[in-house]
Amino acid sequence: MKLSLGFSPCPNDTFIFDALVNQKIETEGFEFDVVLEDVQTLNAWAAESKLDITKLSFPAFFNNASKYSILNSGSALGKGVGPLLIAKKMADIDDMDGCRIAIPGENTTANFLLSFAFPNVKNKTPMLFSKIEDAVLNEEVD
C-alpha cells in the first residue's frame, strides 16, 4: 500500500523520517510518496486532509484531531528543545511587544509558544525558515 507522507525539509524532520523514507526499517509492505513542504503549508493541507500522513504543528493538530492521530514518535517538542527566539542585536525582554518577529506560520508551534510567552507581541511576519537569514540581513525583522 502506498501512502502520501509530508514533512518539512528542516533538519529535525529529515532526521526523524530518514529511516522510513530511505527503507532502513521494515515497513511491512507500506510505501511512501514523500512530499517536502514548509510547515505552514503542511498545516493548511491538514485541514483539507490532503496527505495520508503529515508532520503537523501542535496547534494545527488540535484543529485537525478528527482527521489525524498522533503517532508514538516524531515529536520535536519537549524540555530543552523546540523553537528559539533569536535576535541580531540584544533586545530587552520588556521591549518585545515592539519588535518585528519572524514566525514560520500562523498555525505553528513556534507562533503558539511565542504568543503564550509574549501575548502582546503583534508585529509578526510569517516567513519560510529558508528566508529568515535574508530578512535579517535586509532588516525586515528585528
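The table below gives the values:
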{"item": "Qualifying residue in segment 118-125 (condition: surrounded by 11 or more Cβ atoms within 10 Å (Cβ to Cβ), in contact with a strand residue (DSSP E or B) (Cβ under 8 Å, 6 or more places away or on another chain), in a loop (DSSP other than H, G, I, E, B) and at pLDDT 85 or above)", "result": "yes"}
{"item": "Selection within segment 1-56 - of a type in the set (Gly, Ala, Ser) and either surrounded by 18 or more Cβ atoms within 10 Å (Cβ to Cβ) or part of a loop (DSSP other than H, G, I, E, B) (or both)", "result": "Gly6, Ser8, Gly29, Ala46, Ser49"}
{"item": "The listed residue being charged (D, E, K, R) and at pLDDT 95 or above, out of Asp13, Asp52", "result": "Asp52"}
{"item": "Residue selected from segment 57-99 under the condition modelled with pLDDT under 75 and either assigned to a helix (DSSP H, G or I) or of a type in the set (A, V, I, L, M, F, W, C) (or both), by the criterion surrounded by the fewest Cβ atoms within 10 Å (Cβ to Cβ)", "result": "Leu84"}
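The values are calculated or read from the model by the stated rules, or taken from the named source; none is laboratory data. Please read these numbers as outputs of a predicted model, since none were measured by experiment. Using ideal geometry, Cβ is built from the backbone for each residue, glycine included, and neighbour counts are taken over all protein chains shown.
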